[in-house]
């Protein structure tokens, strides 16, 4: 039965006129605009850690807590490289970046091109670092070194 159907389909396909079997004209639209970069396409409102579930008020998975107080004052008073934890390592065409979180304040930092910047893209003075594999090495001006490993 299946062989008869296959033979019938082959006979019907062979009996089609050549003009009807010709290829249809394909239309191609070409964009003349250059492709968007990541910075142009994605402009986040804040520097939230993408590896941690959202905790905004009203979010179903969040805790509903809202932060208060001046974050800049708290960060200046309590910041130390020894309080940072390595959250993730990102890699793009320009190199590797490390996402760090201050365990005392919850503030996010990004190690990018050897410089540590906060969530407002301001450089943290006196701190530099390097990303090596799944490891980050932070150094201060007074030659203190702190090594962080990515948890798996």
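The values are calculated or read from the model by the stated rules, or taken from the named source; none is laboratory data. None of the values given here were measured: they were computed from a predicted structure. Because the Cβ atoms are built from the backbone with ideal geometry, glycine has one as well, and the counts that use them run over all protein chains shown.
Looking at residue 75, is it surrounded by 12 or more Cβ atoms within 10 Å (Cβ to Cβ) and modelled with pLDDT of 90 or more? No; evaluated as a whole, the condition is false for this residue. Filtering 105, 85 for residues that are in contact (Cβ under 8 Å) with a residue 12 or more places away in the chain and in a loop (DSSP other than H, G, I, E, B) leaves a single hit, 105. Looking only at residues of segment 125-138 that are touching a strand residue (DSSP E or B) at 6+ places or on another chain (Cβ under 8 Å) and surrounded by fewer than 17 Cβ atoms within 10 Å (Cβ to Cβ), we find that the one that is nearest to residue 84 (Cα to Cα) is 137.
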